[in-house]
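Bear in mind these aren't lab numbers, they're just calculated from the coordinates by the rules spelled out. These numbers were taken from a predicted model, which means no experiment stands behind them. In this analysis, Cβ positions are derived from the backbone assuming ideal geometry, glycine residues included, and neighbour counts consider all displayed protein chains.
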C-alpha cells in the first residue's frame, strides 16, 4: 500500500488520520467538500460524496490502494434527520461502488457506537457487558440507523467476488483530543456525583462510559488499512478505562444487563479485544495518566 485516499480529511479525525499516515510514509489524498482546511495531505480533491460521479472521478484521479471513508456527518443534532441519514448511509455505498469498479483493495469506514444503539438514543439497550461486535443493534435515530445501514452495505460488498477484498467498520465511542483529556476529564470531578452535578451523567451512561483518544483512533484506522483479512469485519475501539472515577463494577450495575466478565477495577465496558487480536492494536492513552 502506497497511496491512501481519505474522505473527510478536513474533519478533526480525518486530519488526524492523514497525519498518522504521513508519519508512516504513505502518500495521501484528501477528498472533501468545500475549501481545504488541512495542510497534511499530498493532494486535495474537492468532492461531493453524495454525488456518485464525483466520488468515482476523484478516486480514479487519486488512484489509491486503499480508502478511509471518514467523510460523513459526525453527530445528529446539527442537521435534519434525512440529511444525516443520507450522509451516513448513502456515501459508503458510493465509495464502495467506486472502489469495486476501480479495483481498490481495501476500504475502512468510520462507524460508531451509535450503530449499536448507544450515544444519541433516548435509552441505550444493553443485553450484556462488556459489549462486543456481536451485541444486537437497536438504533432508532437517523444517525445510528445510518451507521447500521453502512455496516450492512459493507457486509454485502464483502460477500462479492473481486475487490475490495478487505473492509473494516470501526465503531468509535466518544473521541477526544489532548486538550479534552485535560480539561474535560483530568481537571474535573469525574465521580458519578460529579458528572451528575455537571449534567454529563446521562450522556456518559448512553455511551457506556467509553472514550478513545484521537491518536489511538487514527492508529486503529491505520492498522485496519494495513490489514489483510478477507471480507467485512466490524471492530470496536475504546480506551482501556472508562470516563468516570468509579469502579466499573459499580457502572455495570447501572444497566439491566448480564455481566459476562466481572470488572475488578476501572476497565472499559466495551470489548475491543477483536481489534487487539486481528489488528494488533491497543489504546495507549488514558485521562487517568495525564
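Descriptive notes on the structure:
- The test for being in contact with a strand residue (DSSP E or B) (Cβ under 9 Å, 6 or more places away or on another chain), in contact (Cβ under 8 Å) with a residue 12 or more places away in the chain and either closer than 30 Å to residue 260 by Cβ or assigned to a loop (DSSP other than H, G, I, E, B) (or both) does not hold for residue 162.
- Hits in segment 43-68 (condition: touching a strand residue (DSSP E or B) at 6+ places or on another chain (Cβ under 7 Å), surrounded by 15 or more Cβ atoms within 10 Å (Cβ to Cβ) and closer than 16 Å to residue 163 by Cα): 59, 64, 65, 66, 67, 68
- Among (1) closer than 20 Å to residue 266 by Cβ; (2) over 21 Å from the mean Cα position of the chain (by Cα), the one test that residue 175 misses: (2)
- Out of 253, 241, 271, 280, sole residue that is touching a residue at least 40 places away in the same chain (Cβ under 8 Å) and out of contact with any strand residue (DSSP E or B) (no Cβ under 8 Å at 6 or more places or on another chain): 280
- Residue within segment 120-129 that is part of a strand (DSSP E or B) and either touching a residue at least 60 places away in the same chain (Cβ under 8 Å) or surrounded by fewer than 16 Cβ atoms within 10 Å (Cβ to Cβ) (or both) present: yes
- Where helices (runs of 4 or more DSSP H) fall entirely within segment 179-275, those with at least 1 residues that are surrounded by 15 or more Cβ atoms within 10 Å (Cβ to Cβ) and under 13 Å from the mean Cα position of the chain (by Cα) are at 214-226.
- Top-ranked residue of segment 134-150 - restricted to ones that are surrounded by fewer than 20 Cβ atoms within 10 Å (Cβ to Cβ) and in contact (Cβ under 8 Å) with a residue 40 or more places away in the chain, ranked as nearest to residue 249 (Cα to Cα): 141
- Residue count for segment 59-82 under the criterion of being assigned to a helix (DSSP H, G or I), in contact with a helix residue (DSSP H, G or I) (Cβ under 9 Å, 6 or more places away or on another chain) and within 18 Å of residue 10 (Cα to Cα): the result is 1.
- Residues in segment 1-31 that are closer than 19 Å to residue 47 by Cβ and out of contact with any strand residue (DSSP E or B) (no Cβ under 7 Å at 6 or more places or on another chain) were compared, and the one that is surrounded by the most Cβ atoms within 10 Å (Cβ to Cβ) is 15.
- Evaluating residue 56 against the criteria (1) farther than 26 Å from residue 219 by Cα; (2) touching a helix residue (DSSP H, G or I) at 6+ places or on another chain (Cβ under 6 Å); (3) not in a helix (DSSP H, G or I) leaves one unmet condition, (3).
- Enumeration of residues in segment 152-165 that are under 22 Å from residue 271 (Cβ atoms) and buried (at least 21 other Cβ atoms within 10 Å of the Cβ): 154
- Residue that is under 20 Å from the mean Cα position of the chain (by Cα) and more than 23 Å from residue 175 (Cβ to Cβ), where the choices are 96, 49: 96
- Options 96, 13, 21, 45: the member that is under 20 Å from residue 153 (Cα atoms), in contact (Cβ under 8 Å) with a residue 12 or more places away in the chain and touching a helix residue (DSSP H, G or I) at 6+ places or on another chain (Cβ under 7 Å): 96
- Residue 247 vs. criteria touching a helix residue (DSSP H, G or I) at 6+ places or on another chain (Cβ under 9 Å), farther than 30 Å from residue 155 by Cα and free of Cβ contacts under 8 Å to residues at least 24 places away in the same chain: no
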